[in-house]
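Heads up: the structure comes next, in structure tokens.
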Amino acid sequence: MSIKKPFTLWFDKAGHFVALPFQQMLASGVKLVGEADPTKVVEGKKKEKKTGESNMSMDDKWASLLAESSGVDLDGMAASPAATPGGKKKRGKKA
């Protein structure tokens, strides 16, 4: 099964631009464009949000992602075994 990228729908087999799929994507994805041209809005399957993420602000989501990737939980406690006490990195000896 091949997975189609959305932008591949904007061109025909000869490589010519097909406006309708592009207009539908734009009207469905940008609220202001959809309100201006409601005939082009396509209702598709919406991805379900994870339960914990629906109430979080964008700043909270970024903080959570950064904390998860750095191995430190949001309370500032070291979560990974490689982390040192106090959150400071150990420096190697200079040559």
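The values are calculated or read from the model by the stated rules, or taken from the named source; none is laboratory data. Remember, predicted model here, so these are calculated numbers, not experimental data. Please note: Cβ atoms are built from the backbone with ideal geometry, for glycine as well, and neighbour counts cover all protein chains shown.
Quick look at the numbers
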quantity: Residue tally, condition acidic (Asp, Glu) and touching a residue at least 12 places away in the same chain (Cβ under 8 Å), over region 30-42; calculated: 1
quantity: Residue in region 52-61 that is modelled with the lowest pLDDT, counting only those that are in a helix (DSSP H, G or I) and under 27 Å from Met25 (Cα atoms); calculated: Glu53
quantity: Unmet criterion (only one of (1) at pLDDT below 85; (2) of a type in the set (Asp, Glu); (3) within 18 Å of the chain's Cα centre (by Cα)) for Glu43; calculated: (3)
quantity: Which numbered condition Glu35 fails, given (1) assigned to a helix (DSSP H, G or I); (2) at pLDDT below 80; calculated: (2)
quantity: Test: Leu65 is surrounded by 10 or more Cβ atoms within 10 Å (Cβ to Cβ), of a type outside the set (Phe, Trp, Tyr), at negative phi and modelled with pLDDT of 70 or more; calculated: yes
quantity: Output for region 12-27, where each listed residue is aliphatic (A, V, I, L, M) and in a helix (DSSP H, G or I); calculated: Ala19, Leu20, Met25, Leu26, Ala27
